[in-house]
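Derivation of every value follows stated rules applied to the coordinates shown; laboratory data play no part. Values in this document were obtained by computation on a predicted structure and should not be read as measured data. Cβ sites come from the backbone with ideal geometry, for glycine too, and all protein chains shown count toward neighbours.
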């Protein structure tokens, strides 16, 4: 066991954990996209960034890949983290505005506008499908092609791969192409429906009651609570 | 071959004698600079012509070749060495000058106009009025350590390298020093990595040395991809043995027995020269088993890159050597702990390795006296762009940009006004004229928003549009980004799109702030060095040339006259004398007019290629 300072509190964590695992253990929510417990960490989506180090020499690192070390100072909710994370979500929406996972993230972190040209590609190249195929299904049927903005995921030579057993693992795990968001506005590309709708059941989050459960939490209940507090204050 | 094996110091001394005879033979020697820069300007034809002419005129002489002396602007260079006299360096030779050259040599004459300089102060000058090497403006302020032998020895010849005290440092290390002493010596010298980040080499060696594991590797990073930078290429072509010796010393200090060199495939000549150096070293027992009877074994493998810029990043480079997809991975673990094949690996740049033998030979004290407080030694820069003398220069750290641009570079082409200098390649920043007296070292460059990088230095004049420059570098990085992480892949693309719009005159006022916001995100959030530094060109051009951005966005004007959508060509009625010179080069026949009368330019036909502007001798073409 080693000691790290997590959001100001000294906590004991297991050696060999990543920062993300430590945060999960202590109940600190960190958004992730390309991370999956059953797969090797990738560090590509950069959503799980946290600020490490103290004093003037701090830096942002991806918590899913950074191993904890004795005396490490971690802050998960600094202004720097939140602002850059917003920009990251804005960038992702501009590629895949129809992904419900990303639209939900946008609502959750208060991204209400996209200032970029929309590409509508639907793939954010998080690599989950490539990794599940290789690591869990022992398939190696799909992989990355090209580099930079030309990068895409496909089978070798873009033809039906003999390695593919049509298990569907890639489709199951994809955060972008499976869960479709119906609501992106043509002019802003963000949906934000969860931010504007009148919540019906969202006082407390309850897995069994939530009608969004199958699709993944939209995050409205968290926001709703704070807004209620505000209205209460106004009334007082 | 056993008799040619070098085992003792005496063997080295013997080869040194042999090498000295090769460098300074008893008869006339003609040597041609045959690095890639020379060959591209025709050195091969010159060499061919010289060998034919020597036979024709029956001149008794030795023909040889050498690397790049740094003055690439005036290649091909030909050296003529006669025993007991200073070496004469002729610049800008071509094959049609060769017969006269050989006749002159035969008649002991020297063609004054062709000469660049004479080398060898110990002899009385061959010609008055021709400066010695050390007095030429281009070389005066330089101090050559890494490039010490480039252009002076024949890179194909191990004896000539030994003649310049080559492999003596290796002998000293293997016979007199413990590995830890070597690491300490490098640490004391203050040598910092020359690949860009400037990490202390001694510290890096120490970490790798103390990492657990029996098998360790060292790697020489020669994947030099910055546009306009070619320091590593010249070093490998001109003095491959110095890099090899540096690697051998490093391997002994770290405890590695295998080394890799990762050269980009675009450097065929460098690969050939290095492979040849490896072969010669093996033949002489300087590579392989039990070097200098010390029990130290070392072998070197050469890996060719496949054209990806990102492979200069160490984790991507390792992935490429392993045969996988060459993308970076998050650190830690750092390669010093877990690198190639999961083993502790030490990666240094070509120039860093080339510095090592000199430090061992001359001592850490000597080295740490050169340079500034935190940046020791010298740095090689390739000075290119709009300067009079382009070429490879090695200067002590702490020299000012002004000295590099004006004293060594000879000022701006056509006496135009200096505008900015881009250091550190595409990931560096543009430094404006107001900071031209900045001393060049790692800290100072980072302070102003640029970086040392591998040593590219692109000089820009008043006719350069800074928005266009930022766009150019981003387009390069957009293409070279591996695409793994979102900020680098998407952020660079978005920035480039915005800059494109600005250059087209479609920019909006909020664009500058948006650019800054994306740039900071990309800088903070990217996975590897490529992304983390990719915003430097944008951030520095906005910081120092914000007015140019505003001019593009608000007034829809390109002050430098570069952005095609924002400029128009017209003819100055007062200056045009109707010579008609501009009519012929115009590809779209946009210029019409009778001889000796004012010409007119049809805006609809004009494609703004600039051909007329370059042809007109009377400055009557106006760019607005």
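Numbers below:
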| read-out | value |
| --- | --- |
| With Cα atoms, 0 to 90° folded angle of helix B:350-362 axis to chain B main axis | 40 |
| Helix B:179-189 axis, angle to chain B major axis (alpha carbon atoms, nearest 10°) | 40 |
| The protein assembly as shown: proportion of alpha-carbon pairs further apart than 46 angstrom, % | 36 |
| Whole-number percent relative contact order across the range B:178-252, with pairs defined as alpha carbons under 8 Å at least 6 apart | 22 |
| Burial order of peptide ranges B:65-77, B:598-610 (average beta-carbon count within 10 Å, highest first) | B:65-77, B:598-610 |
| Tensor-based shape of the range B:434-564 (alpha-carbon gyration tensor, a/c under 1.5 rounded, otherwise prolate or oblate) | oblate |
| Among beta bridges that DSSP assigns inside the protein assembly as shown, antiparallel share in %, nearest 5 | 65 |
| Cα-based helix-to-principal-axis angle, B:201-210 vs chain B, degrees rounded to 10 | 50 |
| For the range B:22-132: span of alpha carbons on each principal axis (Å, largest first) | 34, 31, 27 |
| Average Cα contact separation per residue, chain B, under 8 Å, 6 or more apart, as relative contact order % | 11 |
| Centre separation in Å (Cα based) which lies between the range B:387-449 and the range A:126-193 | 46 |
| For the range B:195-270, convex hull volume per residue from C-alpha positions, Å³ | 99 |
| 18 Å cut-off, amide nitrogen to a point 7 angstrom out along residue B:618 Cα→Cβ, residues in the range B:585-609 | B:585-586, B:591-602 |
| Relative packing of A:103-114, B:352-363, which averages over residues the other C-beta atoms within 10 Å, highest first | B:352-363, A:103-114 |
| Hydrodynamic radius of the range B:158-367 per Kirkwood, over alpha carbon pairs, in Å | 16.8 |
| Most to least packed among B:551-563, B:31-43 [average Cβ atoms within 10 Å] | B:31-43, B:551-563 |
| Computed P(r) (all Cα pairs; the range B:120-211; 10 Å bins; percent) | 13, 27, 34, 18, 8, 1 |
| Shielding by partners, peptide B:515-527 (average Cβ within 10 angstrom, other chains) | 5 |
| Intensity falloff of the range B:568-624 expressed as log10 I(q)/I(0), Debye formula with alpha-carbon point scatterers, at q = 0.21, 0.22 Å⁻¹ | -0.66, -0.73 |
| Residue-span extension gain [residue B:301 to residue B:203] - 0.36 nm each, minus C-alpha spacing | 32.8 nm |
| Helix-only [θ]222 nm of chain B, DSSP H runs n ≥ 4, -39500 (n - 2.57) each, per residue, nearest 500 | -10500 deg cm²/dmol |
| Estimated translational D of the range A:56-148 in µm²/s (Stokes, Kirkwood radius over Cα pairs; 25 °C; 0.890 mPa s) | 154 |
| Fraction of alpha-carbon pairs over 16 Å apart in the range B:396-437 - percent | 38 |
| 10 Å Cβ neighbours from other chains, averaged over peptide A:46-55 | 2 |
| Residue-span extension gain [residue B:135 to residue B:463] - 0.36 nm each, minus C-alpha spacing | 114.9 nm |
| Residues in the range B:160-178 reached by a label modelled at residue B:17 [backbone nitrogen below 19 Å; 7 Å Cα→Cβ] | B:160-168 |
| Prolate/oblate/rounded call for chain B, Cα gyration tensor, a/c under 1.5 rounded | oblate |
| Expected-Rg normalisation [2.2 N^0.38 Å, Cα atoms] applied to the range B:378-461 | 0.94 |
| The range B:409-508 - percent relative contact order, Cα under 8 Å, separation 6 or more | 25 |
| More than 18 angstrom apart: percent of Cα pairs within the range A:1-64 | 36 |
| Quotient of C-alpha Rg and 2.2 N^0.38 Å, computed over the range A:128-173 | 1.10 |
| Compactness of the range A:40-109 as Cα Rg over 2.2 N^0.38 Å, two decimals | 1.22 |
| Shielding by partners, peptide B:319-332 (average Cβ within 10 angstrom, other chains) | 2 |
